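Everything below concerns the one structure shown next.
The values are calculated or read from the model by the stated rules, or taken from the named source; none is laboratory data. What you are looking at is a predicted structure, and each value in this text was computed from that prediction instead of being measured. So basically every Cβ, Gly included, is an ideal-geometry build from the backbone, and we count neighbours across all protein chains shown. SASA here: full protein model, heavy atoms, side chains in, ligands and nucleic acids out. Shrake-Rupley method; radii C 1.70, N 1.55, O 1.52, S 1.80 Å.
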Amino acid sequence: MSTPVRIGILFGGPSAEHEVSCASALGVARALTEAGHRVVAIGVTRTGVFRLVPDAVLAELRAGVGAARAIDDRLTVTGPVVELRAGKRPGTAVVAPADAPGTAHAELDVVFPVLHGPYGEDGVVQGVLESLGVPYVGCGILASAVGMDKVAMKRALRAEGVPITPHVWFDEQTYRAADDPEKLVLGLRRPLFVKPSRMGSSIGISRVAEGDDLGAAVEEALRHDNVVLVEQGVTGRELECGVLGGWRPEASAVGEVRVTGGWFDYQQKYFGDADPMVVPAPLPDEVTERIRELSVRAFTAIGGWGLARVDFLYDEATGDLYVNELNTMPGFTAHSMYPKVWAESGVSYREVVDRLVALAFARHAERPGTPTPDGPR
């Protein structure tokens, strides 16, 4: 976008992905500031309290002051308690002191919810922003909810003919009533991947090989959700592709995750010493194009808008590709794949976030019954 706008970045939150969200938000804030926009950072504490991040603290962190893993503490425990309210101008919101009606710290033209996991990536905050009538970055309520819920996502993908891995799912009550957990996964071959249905960043996921305790893996997943997904493992390569756009989304270059220890867990994903990302992934051209085509199809299947990262499993022996999942607000940290695959495609980090803001305004302008904002200033 050529015109600077006032952008509220929401980050943190009560989910287990709080720390990742804070690291992502810092990168987004830096890129938006470099693009000339006015950034207002709103940290959501682990207990759900909104706090305005002082400009001085944000500037220090953007400049690299302070340890990366202490970012969440500085961003979400300083500054006054605030809330978001509808602005006086249609299509805007205000950041207001929670205890002082009628006053405001800042007016926002658009909100960038850099929130991962429950309450931020699952349609909850999107519903709040819809009720305020303010444009916001990323997928809407339905696509966010479907993308976050792995069971619902697989239903949507299957309905559109997108290949997915064999799997079963069950809720906690069904599991507790079962006399033998193994009966719940009949027909699936090990290794199995046991996952909470509504969680991201590899949190709560366990790999269950021959002889491993399935029950322990299910109990770990149930710590994060009351619905459990069990997938049949695929021996193959982990590949990822970014999608960016609205009615005519585009797919990025393809990246590969090369991991140690069998799968890409939370520690390796965000805090490993080695960079496991290979961009571009060394693949035959026809496989790359197939991944890019399936990425757009998967994005469309859930009704996506703005962005998503689509994760694949590729069985080289058979040539089969499976969409493993979509992330509607992928990580934006220095370790994250989404910015890297777009950089390989010739779109810089700054350009990506700038385009996302423009897409937020475009969707808002097209919504039936929504007052047209005066426009960014």
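The table for this structure:
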{"item": "Stretchable slack from VAL81 to ARG155, in nm (0.36 nm times residue separation minus alpha-carbon distance)", "result": "22.6 nm"}
{"item": "Debye equation applied to the C-alpha atoms of segment 106-242, log10 I(q)/I(0) at 0.19 Å⁻¹", "result": "-1.13"}
{"item": "The chain, helix-only ellipticity at 222 nm - DSSP H runs n ≥ 4, -39,500 (n - 2.57), divided by all residues, nearest 500", "result": "-9500 deg cm²/dmol"}
{"item": "Accessible surface of the chain [probe 1.4 Å, protein heavy atoms]: carbon and sulfur percent", "result": "53 percent"}
{"item": "Alpha-carbon Debye profile of segment 90-149, log10 I(q)/I(0) at 0.16, 0.21, 0.27 Å⁻¹", "result": "-0.53, -0.81, -1.07"}
{"item": "Sparse-neighbourhood loop sites, GluC sites (Glu not before Pro) in segment 167-233 - DSSP loop, at most 15 other Cβ within 10 angstrom", "result": "GLU210"}
{"item": "If the convex hull is drawn through the Cα atoms of the chain, its volume per residue in Å³", "result": "143 Å³"}
{"item": "Signed unit charges on C-beta, dipole axis of segment 290-362, positive-most listed residue SER295, TYR314, LEU356", "result": "LEU356"}
{"item": "Pair THR103, VAL278: separation of 7 Å Cα→Cβ label points (nm)", "result": "5.8 nm"}
{"item": "Sites ASP285 and ASP55 - FRET efficiency at Förster radius 35 Å, r taken between beta-carbons, to 0.05", "result": "0.15"}
{"item": "Accessible area per residue, Å², the chain with all protein chains present, probe 1.4 Å", "result": "41 Å²"}
{"item": "Peptides ranked, highest mean first, by Cβ atoms within 10 Å: ranges 250-258, 318-326", "result": "250-258, 318-326"}
{"item": "Only Lys, Arg (+1) and Asp, Glu (-1) charged, at Cβ; the chain dipole about Cα centre in debye", "result": "1140 debye"}
{"item": "Spacing of the two label points (7 Å from each Cα toward its C-beta) at ASP320 and GLU130, in nm", "result": "3.6 nm"}
{"item": "Count, lysine Cα pairs under 30 Å in the chain, 8 or more residues apart or across chains", "result": "12"}
{"item": "Charge dipole (segment 100-198, unit charges on Cβ, about Cα centre) - positive-most of LEU188, ALA156, GLN126", "result": "LEU188"}
{"item": "Over 19 Å [Cα-Cα, segment 266-369], rounded percent", "result": "53 percent"}
{"item": "Whole-angstrom gap from segment 133-166 to segment 327-369, using each part's C-alpha centre", "result": "17 Å"}
{"item": "Nearest-20 debye value, segment 92-242 charge dipole, Cβ charges on Lys, Arg, Asp, Glu", "result": "460 debye"}
{"item": "Kirkwood hydrodynamic radius of segment 41-193, from inverse mean 1/r over distinct Cα pairs, in Å", "result": "18.9 Å"}
